[in-house]
Amino acid sequence: MSLPMIALVLGSFLGLAADGGKPERKPNVLLIFTDDQGSVDVNCYGAKDLITPNMDGLAEKGVRFTQFYAAAPVCSPSRAALLTGRCPQRAGLPHNAGRDHGGLPGEQVTLAEMFKKAGYATGLVGKWHLGHPEELQPNAQGFDSAFGHLGGCIDNYSHFFYWRGPNEHDLFRDGKEVFADGEFFGDLMVEEVDAFLEKNRDRPFFLYWAINMPHYPLQPTKKWRDRYTDLEMPRRDYAAFVSTTDEMIGQVLAKLDELGLREDTIVVFQSDHGHSTEERTFGGGGSAGPYRGAKFCLFEGGIRVPAMISWTGTLPEGEVRDQLGTGTDWMATLAELTGVALPERKLDSQSLVPVIKSAKAHSPHKVYHWQTGGRKKPQWAVREGDWKLIGNPRDTSNKGPLTKKDQLFLVNLADDVSEMTNVAAEHPEIVARLHGLHDTWIDEVSPPTVTAARP
């Protein structure tokens, strides 16, 4: 027998499962990404006024992170980083995408493209918010199928965007407008996810379920509105919406069990950033717990998010990790777990597999950076170990005043996780070092016109 033939036979043998010659299946991936869910707004993260048994169940059957960060405190950049494994600046989308401007550039390589190249079925259900033009829509970015809305939010029954005139209907299937008047979008998403799972039960799949909840408008189901009548607004409707979301997740996990796919499926859960304090959500409702900040800012409450991973029978269960991880890291992590090749390009993604498998492993990030907002005076932050420096800080939670002296805001998170005391004046050498790190980073990842503004 020739050497090539021996290699072929050996490769075929190694690709067979031990129970009878069936080819070994690559694991599926279900990536659940919630919207505007606060830092602690899961029961297992400390929100004891919330009923979230299915999110809690993922923690019980997997690994829960306590220092996990979104790559941005606002929707589109966070999603761009998630799908590309690159910081928003390197991904080409540092700001929110609008109907007439912005979007994830087509030359970027997404998780869907990575998995599709490896033979996976790929699907999106839910919120896109990465561009409206056809060339920027999901089907042009590696997704075989896509159902949901292209913009930032919709009314969950009419599926219209009402927050800027003229009102626009926003419900699409594979780039074509569809109508489901009066049907709750949460139910539509569950139906779509279940149908995708049924269709692809016999082949590996990657499904990105970008749930548009508990983002405003707060539209929980009656079951959960009635359950939370003892809470004050806006926590009442927000809590009911979180539990509505949790129930939907439970329905999908039950479908995985029904199809016998749970042990073949890696389930990832993350919120896109912190809770909203916008007028559209009655000024709040969500909670950052001990953290300062909320959506749109770089205090912990804007970027520290609930995140979990579960792969029943393969990964640790019921364990907690305190090491730093980020939304950019899922690409490298999932590539390692599934044996799929990473895109051949510069990535910010670092595999969390060693951390997931061992509480003693070190975070892959010695330093991590953020920048958000306008070009003239953007907010930015850099974290190195327990030290965190914020430039041009904004506090959307209004937990405390910020003065001109706070334009460079330094904190040691091990000493003050609340970020209420600026210690920059006491540690000028640390401020200088971290500022220098950030200047170097922003010059690397951004076009020449986007630079860190020195206060």
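The values are calculated or read from the model by the stated rules, or taken from the named source; none is laboratory data. Not measured: the values here are computed from a predicted model. Methodologically, a virtual Cβ is constructed for each residue, glycine included, from the backbone with ideal geometry; neighbour enumeration extends over all protein chains shown.
Taking the criterion of being under 28 Å from GLY325 (Cα atoms), surrounded by fewer than 23 Cβ atoms within 10 Å (Cβ to Cβ) and among the polar types (S, T, N, Q), would at least one residue in the stretch 109-131 satisfy it? Checking the stretch 109-131: not a single residue is under 28 Å from GLY325 (Cα atoms), surrounded by fewer than 23 Cβ atoms within 10 Å (Cβ to Cβ) and among the polar types (S, T, N, Q). Of all residues in the stretch 248-268, those satisfying the criterion of being surrounded by 19 or more Cβ atoms within 10 Å (Cβ to Cβ) and closer than 22 Å to CYS44 by Cβ are MET248, ILE249, VAL252, LEU253, LEU256, ARG262, THR265, ILE266, VAL267, VAL268. Listed by first and then second residue, the pairs linking a residue in the stretch 260-274 that is without any contact (Cβ under 8 Å) to a residue 12 or more places away in the chain to a residue that is in a loop (DSSP other than H, G, I, E, B), with Cβ atoms under 8 Å apart and 6 or more places separating them unless they lie on different chains, form an empty list. Being surrounded by 23 or more Cβ atoms within 10 Å (Cβ to Cβ) and either closer than 30 Å to LEU298 by Cβ or out of contact with any His (no Cβ under 8 Å at 6 or more places or on another chain) (or both) is a description that does not apply to LEU136. For the stretch 356-367, a residue qualifies if it is buried (at least 16 other Cβ atoms within 10 Å of the Cβ) and out of contact with any helix residue (DSSP H, G or I) (no Cβ under 9 Å at 6 or more places or on another chain), but none of them does. Against the condition out of contact with any Lys or Arg (no Cβ under 7 Å at 6 or more places or on another chain), without any contact (Cβ under 8 Å) to a residue 24 or more places away in the chain and not in a loop (DSSP other than H, G, I, E, B), how does ASP439 come out, does it pass? So ASP439 passes the test.
Given the criterion free of Cβ contacts under 8 Å to residues at least 40 places away in the same chain, assigned by TED's automatic domain parsing to the domain that holds PRO73 and assigned to a loop (DSSP other than H, G, I, E, B), identify the matching residue among THR277, THR229. Criteria check complete, one pass: THR229.
The single condition among (1) assigned to a loop (DSSP other than H, G, I, E, B); (2) closer than 30 Å to LYS399 by Cα that PHE269 does not meet is (1). Checked against (1) out of contact with any Leu (no Cβ under 9 Å at 6 or more places or on another chain); (2) farther than 20 Å from PHE65 by Cβ; (3) part of a loop (DSSP other than H, G, I, E, B), GLU429 passes all but a single condition, namely (3).
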